[in-house]
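Okay, structure first, notes after.
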Amino acid sequence: QSPYVFINYAGGQLSRKGIWKKFQDLKAKTGLEAKVHTLRHSFATHLLQGGADLRTVQELLGHQDLVTTQIYTHIDASELQRYHERYFKKKSDK
């Protein structure tokens, strides 16, 4: 059982170059236009959408500055609408 999430053919830690190469292979097979760095943005966004707090995401991404973490987070308009409705209900809804 490896302690790594992504492993190479020998069962060791997959290097940054190895991850990049795998990603390029997947892009070629699927025709997707994306960058490896997009995975970090998606990771942060999905964590937040799943209920993780910003400080937890900061730690998982390895950022020293919380402002850097905020760059990685994306909230769509429908999510903003849900938060607004949840926290600012109309008086008639109470």
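For the range 1-55, the tally of residues that are within 30 Å of L80 (Cβ to Cβ) and either part of a loop (DSSP other than H, G, I, E, B) or touching a Phe, Trp or Tyr at 6+ places or on another chain (Cβ under 7 Å) (or both) stands at 12. Residues being touching a strand residue (DSSP E or B) at 6+ places or on another chain (Cβ under 8 Å) and either at pLDDT below 90 or not assigned by TED's automatic domain parsing to the domain that holds I75 (or both) are entirely absent from the range 39-50.
Scanning the range 1-49 for residues that are within 21 Å of Y72 (Cβ to Cβ) and of a type in the set (S, T, Y) gives T38, S42, T45.
The values are calculated or read from the model by the stated rules, or taken from the named source; none is laboratory data. Keep in mind the model is a prediction, meaning the values are calculated, not measured. Ideal geometry is used to build each Cβ from the backbone, glycine not excepted, and the neighbour counts take in all protein chains shown.
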